[in-house]
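Take a look at the structure below.
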Amino acid sequence: MITIIVADDHPLVRKGLRALLESEPDFTIVGEVSNGLEAVQLSEQLRPDVLILDLQMPALNGLEVTRQLRKRLPRTRIIVLSMYGEEAYVMGALKVGAQAYVIKESDPSELILAIREVTAGRLYLSPCLSQQAIRTYLDKVEVGIDKSSVGLSTREHQVLQLLAGGCSTSQIADRLCVSRRTIEGHRASLMHKVGVRGVAGLLQWAYQRGILSENRCRPTNRYT
């Protein structure tokens, strides 16, 4: 039996995925979550075979969820399911450890195939994506051309993601269950490590290096 967690911030998407995947006799949905922090927490608790993950979610985006879980749960296969097919998004997901990238406009059979491919230890990309361009990018990363994390801690990554989503210091403190002073300390540490002043400079640095993709502090009514 292949155990699966679905992470998407839209209830209709999660419901549709559950109906699709439970039609396969050897698939079982063991959990659903609506934001990135929940995806990390539930995955660590249940240790699924597969995590199906939207890139654009509240709290932590899909890239950061993938980055954290690749270290903590190396046996969990991560499939990014996104409306974005641009190579930058695909490259970023593969770089941090996703094993598959499926476009939401794809035929449903593609997601089923992706699950079977990653559980067999293979990479899967929607056929419309440029695999050669992605391979070229990953080759560059492997030889050290792109060194972007500069030793940021897990908590610093979380603060960075929430800053990018437009969250205030108080909102970040509430989300992470710590004090405002603690968040201010993390923010100061981030700026010192990367050598910038101000949140704008910090975010520009992170976007340029692919650490961040679009995020948000509060869910929207977007349907994807």
Pairwise FRET efficiency - residue 70 versus residue 116, Cβ, R0 = 25 Å, nearest 0.05: 0.75
Scan the stretch 69-124 for trypsin sites (Lys or Arg not before Pro) in coil per DSSP, keeping those whose Cβ has at most 14 other Cβ atoms within 10 Å, and list them by number. 75, 122
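Can you tell me the FRET efficiency between residue 2 and residue 203 if r is taken as the Cβ-Cβ distance and R0 is 35 Å, rounded to the nearest 0.05? Could you put the intermediate results ahead of the total?
Numbers: r = 38 Å, r/R0 = 1.08.
Result of the calculation: an efficiency of 0.40.
Between beta-carbons, use under 9 Å as the cut-off and find the net charge around residue 99, counting Lys and Arg +1, Asp and Glu -1.
Computed value for this residue: +1.
If you add up the charges near residue 11, with Lys and Arg at +1 and Asp and Glu at -1, over every other residue whose beta carbon is less than 11 angstrom from its beta carbon, what do you get?
My count for the surroundings of residue 11 gives 0.
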For residue 46 and residue 188, extending 7 Å from Cα along the Cα-Cβ vector and measuring point to point gives, in nm, a value of 4.1
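FYI, it's all coordinate maths here, none of it is from the lab. Quantities reported herein were computed from a predicted structural model and do not represent experimental measurements. Note: ideal-geometry Cβ built from the backbone for every residue, glycine included; neighbour counts use all protein chains shown.
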